[in-house]
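Chemist: Handing you this structure, nothing more for now.
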Amino acid sequence: MIPLPTLKWMDGHLRLLDQRKLPAEETYIDCQDIDTLAMAIKSLAVRGAPAIGIAAAYGAVIAAMTSEPGDGYGTDFHSKLKVLEGTRPTAVNLFHCLEIQRNVFRRNPERENAVTALLESARGMMQDDLEASRMMGRFGADLLKTGSTVLTHCNAGGLATAGLGTAIAVIYEAWDRGILNKVYADETRPLLQGARLTSWELSKAGIPVDVIPDSAAASILRTGQIDAVIVGSDRIAGNGDAANKIGTYPLALAASAHGVPFYVVAPLSTFDTATESGNEIEIEQRGRKELATLGGVKLIPDAAGVCNPAFDVTPASLITAIICEKGVLFSPDTESVKSTAESS
């Protein structure tokens, strides 16, 4: 598959595909300052753990280019990175990539050297992500039988990464091998990433996809039509618990109840062995508007409150395997997650 143009460094700035506008229109945001990039991340113009991390890595380049020269240069640079860290708390890739860039900056504190070194580092992360996607696709496709129908949730494709995907990379590879029959994509409320993004992405690739209401997933699993559930992850704790888009946990429960394999596909940059279990993962709470309105139409009365968590945590006990660029971790646990993370 040809990588999707999710993000690109060009003419001295970062260009992002505005995913809020898909599938109605394909428009781009040119990020020349930290505030523009931070708002793009926070508002989900760019989304998906790997894509957020890479965008933040390029954000460090912008920070180096726009920080005030002189004695306060380093302080200004680090304060801009703090702005980026404050955008999305759950996806660990954001913090992982920024820490890499902080180390690059420590070795190259002078402005001209910093910009060059940080840009080279960000480009390296992007290439590493593309290669990791290819490897995850191959390892994941090896687990599927000929004629498979799979179910996925949210969007873990090229739009969520450097351009190929995590869970969707498996789907791309299976389609290329001729072993995939079709895909069911949960709509993924409240922002409809499955309906808007996954169906758009798979349709562009010529892969058959049916969008279903989130509430229909368990019933379809019960019919025996689904051979595997394949999802991504924004953070994998040290014991194998996986945080992903809200609605993933009930999907894992339904898959377990009906004997359907449940696969989590994520790069090593998503592994967080410093977090012991999913109980310690901070779950981002989104605003009222995402639930209370749709297309400008009011859905919820003013007197009613909302609870809008962006993610949930699937226990490792419900995960058949975690697929990463190093291979497949069946029945993931603390020992297998730690040994895999340390092999990177």
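Chemist: Scan Asn279, Asn239 and give me the residue that is assigned to a loop (DSSP other than H, G, I, E, B), farther than 28 Å from Leu299 by Cβ and under 21 Å from the mean Cα position of the chain (by Cα).
Modeler: Just a single option satisfies the conditions, and that option is Asn239.
Chemist: Turning to a different aspect of this structure: For region 20-86, which fully contained helices (runs of 4 or more DSSP H) count at least 1 residues that are of a type in the set (Val, Ile, Thr) and under 19 Å from Lys245 (Cβ atoms)?
Modeler: Once the helices (runs of 4 or more DSSP H) in region 20-86 are filtered for at least 1 residues that are of a type in the set (Val, Ile, Thr) and under 19 Å from Lys245 (Cβ atoms), what remains is 34-42, 49-66.
Chemist: Provide a single number: the residues in region 119-153 that are of a type in the set (S, T, N, Q), touching a strand residue (DSSP E or B) at 6+ places or on another chain (Cβ under 6 Å) and surrounded by fewer than 19 Cβ atoms within 10 Å (Cβ to Cβ).
Modeler: 1
Chemist: Leu253 versus (1) part of a helix (DSSP H, G or I); (2) crowded, with 21+ Cβ neighbours inside 10 Å: which is the lone unmet condition?
Modeler: Unmet condition: (2).
Chemist: Hey, another quick one. So, in region 87-124, exactly how many residues are over 30 Å from Gln285 (Cβ atoms) and in a helix (DSSP H, G or I)?
Modeler: 18
Chemist: Right, next: Just for region 307-344: of the residues that are among the hydrophobic types (A, V, I, L, M, F, W, C) and assigned to a helix (DSSP H, G or I), which one is modelled with the lowest pLDDT?
Modeler: In this case the residue turns out to be Ala341.
Chemist: So, in region 256-276, exactly how many residues are touching a residue at least 40 places away in the same chain (Cβ under 8 Å) and part of a helix (DSSP H, G or I)?
Modeler: The number of residues fulfilling the criteria is 4.
Chemist: Only one residue in Ala141, Ala169, Ala174 is of a type in the set (Gly, Ala, Ser), touching a Gly at 6+ places or on another chain (Cβ under 7 Å) and touching a residue at least 12 places away in the same chain (Cβ under 8 Å), so which one is that?
Modeler: Ala169
So that you can scan it fast, the table gives a plain yes or no per residue for (1) at pLDDT 95 or above; (2) buried (at least 24 other Cβ atoms within 10 Å of the Cβ); (3) among the small types (Gly, Ala, Ser); (4) assigned by TED's automatic domain parsing to the domain that holds Asp129:
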{"position": "Asn155", "(1), (2), (3), (4)": "yes, yes, no, no"}
{"position": "Val170", "(1), (2), (3), (4)": "yes, yes, no, no"}
{"position": "Ala174", "(1), (2), (3), (4)": "yes, yes, yes, no"}
{"position": "Lys182", "(1), (2), (3), (4)": "yes, no, no, no"}
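The values are calculated or read from the model by the stated rules, or taken from the named source; none is laboratory data. Just so you know, these numbers come straight off a predicted model, no measurement behind them. Quick reminder, even Gly has a Cβ in these numbers, built from the backbone with ideal geometry, and neighbours come from all protein chains shown.
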